[in-house]
Amino acid sequence: MSSEQVRELKSAFLEQLASKGSDAIHPKDLERVKKDDNWLNRFLLHVDSNQTEALNMMWETVTWRKDFKVNEVNDNVKMDIIVQGGFFPSGCDKDGCSLFIFKCKKYVKGTHNMDDLKRCVVYWFERLERQDKGKPITLFFDMEGCGLANMDLEFTKYLIGLFKQYYPYFLNYILIFEMPWILNAAFKIIKSWLPEKAVQKIKFLSKKDIKEYVPLDQALTCWGGQNDYTFSFLPEPQESFTNNTSTPISTNRKVHFADGSSMSESPEGSGDKDHDGSALSVQPSSIITFIKEGTELVSTLELQNTDSSIILSFKLKTTSPEKFRVRPSVGCLTPGARATVHVTLLPGFQLGGLSRDKFLVMSTVIEASEMNQDLAQLWKDTSGRKINQHRLKCAQTNEVTKNGNAVGVWSGSPEGEQPNNSQLLTKVNNLTECQRELHGAVKRIQYFQMITVVLVVVLGILLSYVVHLESKEGYTGSCSAP
């Protein structure tokens, strides 16, 4: 689209926003509207340059993003679903568009909460948008060995709705690999939900013709390709974040709150000072060490207001908000008061490599009247306040954990990491898959056994009945004989 069309759409949107109020849209999305012309261009391309339809779609999108809390999805996503590898990006199609792969055999309807699944998909969509700067993606459904239990029409309809309503011009192809004939009827229903342009993007593939849409060096070996990639979740690199815009954010490393906001980690980055003898005491003072408590890896911080005359408010930031759950991440301390902060390493992340993660404890003096205010809102605007900072590094213990399973550390490897973590994870995943299949086989055997028992009982009853009739007829006949 021409730059004039994009400017016209932007002006129309901002004009409507002025009448609705700035709280009608998330601040990050407003910033995106103002700075990311490529995003606006995609709305126009999606509706064939129709300005009215593009404007309506923009409003529908930003309203959904605010209600669904898309900009905070990293904090709400279920990492235990992500790390299972049921859907993940890997490789590119023939047009250089990223493949978003669904291993449909791993999905069984009803196994996970639908809202959690939706957030996981949105997490990957947002990450791919940032990674590829809004370039379209291709959905790849690996359906080899699937049955009716692996088909979820509600989930599929949600996927289609994301492309139709909230992610404009974001779909390149829908590739269906080795679809079983038993699912033909279901796909006829799915096609009826798609617009005509999207139906034309659906391609059914087998191993013999996959190279027509996915280069063999990008296709996984299980598809007959040359890519031996095995999924293992890696957090998104924070340094390359572009915030969905074409203009990169500062290349200085960012420190992130658990709620997703950020600031420069450099001491001079924002004019704040390092720990300078402020009234907030932090223990441990320099290193956070995680220990195993039950099934979780947890560390605690003890905060104390050492000044007898002031009230402090504190807030914690971390370089990897997707890794940690921090409770509470914000609070206030009256004179002499203490608070305990619990930091939990979320399932799906390993302790090995934690030395790259950092925490920042910030504190500022507040008035007694501000204690009853929304502290999160107070920390959004700290202009005019003196902010004291206390930096903490993370350290790992003598265990590393991945996907919630603890395994021993190799003392000869750097930072205590295992040299064959990916191979170990692959074996664990394979073992889990085998266990799942074995469980399914046992349930089927139990089902057939129950049917067999019922049939035997029925046949026994019938046989007894027949024998009874024959004996009765024989008795009657003997009585009537001359």
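Pick from segment 99-119 the residues that are without any contact (Cβ under 8 Å) to a residue 40 or more places away in the chain and of a type in the set (D, E, K, R): which of them is farthest from Gly85 (Cα to Cα)? Ranking the candidates gives Asp115 first.
Among the candidates Thr318, Thr295, the residue that is loosely packed, with under 14 Cβ neighbours inside 10 Å, in contact (Cβ under 8 Å) with a residue 40 or more places away in the chain, closer than 30 Å to Arg127 by Cα and among the polar types (S, T, N, Q) is uniquely Thr295. For Lys164, indicate whether it is closer than 15 Å to Phe141 by Cα, of a type in the set (Lys, Arg) and under 27 Å from the mean Cα position of the chain (by Cα). No: the conditions fail for Lys164. Taken over segment 54-85, the criterion of being more than 19 Å from Asp29 (Cβ to Cβ) and surrounded by fewer than 16 Cβ atoms within 10 Å (Cβ to Cβ) is satisfied by Asp80 alone.
Taking the condition at negative phi and more than 35 Å from the chain's Cα centre (by Cα), does Asp357 pass? Judged against the criteria, Asp357 is not a match. Could you go through segment 35-47 and let me know if any residue there is in contact (Cβ under 8 Å) with a residue 40 or more places away in the chain and farther than 23 Å from Asn172 by Cα. Scanning segment 35-47, I find at least one residue that is in contact (Cβ under 8 Å) with a residue 40 or more places away in the chain and farther than 23 Å from Asn172 by Cα, so the answer is yes.
Residues in segment 23-51 that are more than 19 Å from Phe68 (Cβ to Cβ) and small (Gly, Ala, Ser): Ser49 only. Determine, yes or no, whether Phe102 is in a strand (DSSP E or B), out of contact with any Cys (no Cβ under 7 Å at 6 or more places or on another chain) and modelled with pLDDT of 90 or more. Yes. Figure legend. Inter-residue proximity from segment 356-381: first residues within 12 Å of Val330 (Cα to Cα) and assigned by TED's automatic domain parsing to the domain that holds Thr344, second residues assigned to a loop (DSSP other than H, G, I, E, B) and among the hydrophobic types (A, V, I, L, M, F, W, C), beta-carbon distance below 7 Å, spacing 6+ or different chains. Indicated pairs: Met362/Ile387; Thr364/Ile387. Tallying residues that are in a loop (DSSP other than H, G, I, E, B), under 20 Å from Lys201 (Cα atoms) and touching a residue at least 40 places away in the same chain (Cβ under 8 Å) within segment 82-96 yields 3.
Checked against (1) in contact with a helix residue (DSSP H, G or I) (Cβ under 8 Å, 6 or more places away or on another chain); (2) within 23 Å of Asp116 (Cβ to Cβ); (3) part of a helix (DSSP H, G or I), Leu139 meets all criteria but (3).
Restricting the search to segment 165-205, which residues are assigned to a helix (DSSP H, G or I) and out of contact with any helix residue (DSSP H, G or I) (no Cβ under 8 Å at 6 or more places or on another chain)? Within segment 165-205, Trp181, Asn184, Ala185, Phe187, Lys188, Ser192, Glu196, Lys197 meet the criteria. Of the residues making up segment 358-391, those that are at pLDDT 85 or above, surrounded by 15 or more Cβ atoms within 10 Å (Cβ to Cβ) and assigned to a loop (DSSP other than H, G, I, E, B) number 1.
The values are calculated or read from the model by the stated rules, or taken from the named source; none is laboratory data. Please read all numbers here as calculations on a predicted model, not as lab measurements. Cβ: placed from backbone, ideal geometry, glycine included. Neighbour counts: every protein chain shown.
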